[in-house]
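As structure tokens, the structure follows; a few thoughts come after it.
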Amino acid sequence: MKVGDLPGHGFKALALPDPDRSIDGVYIGDLLSWVMGRAQMDNAWITIMSNNNVIAVASLADCSCVLLAEGVELPEDLIELANQKFINVLTSEKSAYEIAVLLSGLLS
Amino acid sequence: MPDALVFHFDVDGENFTSAGQASTAVKRNLRQLGLPSEIIRRVSIAMYEGEINMVIHANGGAADVIVHEDCIEIILADHGPGIKDVSLAMQEGYSTAPDNIRSLGFGAGMGLPNMKRYTDSMKIDTELGVGTTITMKVNLT
Ligand SMILES: Nc1ncnc2c1ncn2[C@@H]1O[C@H](COP(=O)(O)OP(=O)(O)O)[C@@H](O)[C@H]1O
Ligand SMILES: [Mg+2]
């Protein structure tokens, strides 16, 4: 599936500069080194962290998108940064677990 | 044979939030060279972890990335406190990072292990009170 399909499934797009990026799997985590060590390229990354290091990690680890759980939002300057770095960021009121369950259904 | 391509960066030790600029620039440059994305990803992550370490633990330093014919070499040099026990520092989960760094999502003690994981060779030269130089290589063939 493509990141651009997510707004049709209840996600709110905060930055969607690369909607054609495909999602191949999911990684959940808030500790950035764990994400860089364990997430795979083209994973959707579910987290509740929303600082600018998150944008850097998503870019360097080549995640297809950042999915902010629990309704976490991104400040305006980070939305700008995400667009500039070509990083998709979406948010959802759901928990990380609920998002993972939803994606599991969408990916299969 | 053409000269190897060298990218040099100074890593600002004061500015934690902008840490990652060198790695991001390297990623962009390697992409322009048309290298495979998995290679770029490995170099980017290894370098970012090292860059972050220089900011958190060593008050900044210098990063050089050299694109050789057969590998990409990353040299991170700082004049920080040095690493007392390298084999302990290499263990997953070992960290001396302060709490404010942890609240940003770093300090999980996985940086050095990630650098090793994503590179084909890694050498740590360190001396207490003098500094640390880490040399990593990612093979292209
Ligand atoms: N450049 C450095 N200078 C001094 N100490 C370092 C440096 N890099 C790493 N260290 C030490 O090694 C430990 C482990 O590093 P790392 O695996 O990256 O974990 P973390 O950065 O999360 O603490 C650090 O907590 C620190 O004590
Ligand atoms: Mg580290």
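The values are calculated or read from the model by the stated rules, or taken from the named source; none is laboratory data. None of these values were measured; they are calculated from a predicted model. Positions of Cβ are generated from backbone atoms using ideal geometry, with glycine treated the same way; all protein chains shown enter the neighbour counts.
Those strands (runs of 3 or more DSSP E) of the stretch A:5-108 in which 1 or more residues are polar (S, T, N, Q) occupy A:43-47, A:89-91. Yes or no: residue B:102 within 16 Å of ligand 2 (Cβ to nearest atom) and at pLDDT below 95? Answer is yes for this residue. Look at residue B:83 and say whether it is within 14 Å of chain A (Cβ to nearest Cβ), farther than 30 Å from residue B:36 by Cβ, within 9 Å of ligand 1 (Cβ to nearest atom) and among the β-branched types (Val, Ile, Thr). In short, no.
Kindly establish whether residue B:39 is out of contact with any Ser or Thr (no Cβ under 7 Å at 6 or more places or on another chain), away from every other protein chain (no Cβ under 11 Å) and surrounded by fewer than 23 Cβ atoms within 10 Å (Cβ to Cβ). So residue B:39 passes the test. Here residue B:14 fulfils each of the conditions (1) surrounded by fewer than 16 Cβ atoms within 10 Å (Cβ to Cβ); (2) within 16 Å of ligand 1 (Cβ to nearest atom); (3) under 18 Å from residue B:118 (Cβ atoms); (4) of a type outside the set (Ser, Thr, Tyr) apart from (3). One residue stands out among those in the stretch B:9-54 that are of a type in the set (Val, Ile, Thr) and either at pLDDT 95 or above or more than 23 Å from residue B:94 (Cα to Cα) (or both): the one that is nearest to ligand 2 (Cβ to nearest atom), which is B:52. In the stretch A:28-39, the residue that is surrounded by the most Cβ atoms within 10 Å (Cβ to Cβ) out of those that are among the small types (Gly, Ala, Ser) and under 19 Å from residue B:50 (Cα atoms) is A:33.
For residue A:42, the test of being surrounded by fewer than 17 Cβ atoms within 10 Å (Cβ to Cβ), facing chain B (nearest Cβ under 10 Å) and under 25 Å from residue B:22 (Cα atoms) is passed.
Restricting attention to the stretch B:106-137, the residues that are more than 13 Å from ligand 2 (Cβ to nearest atom), in a loop (DSSP other than H, G, I, E, B) and out of contact with any Gly (no Cβ under 8 Å at 6 or more places or on another chain) total 2.
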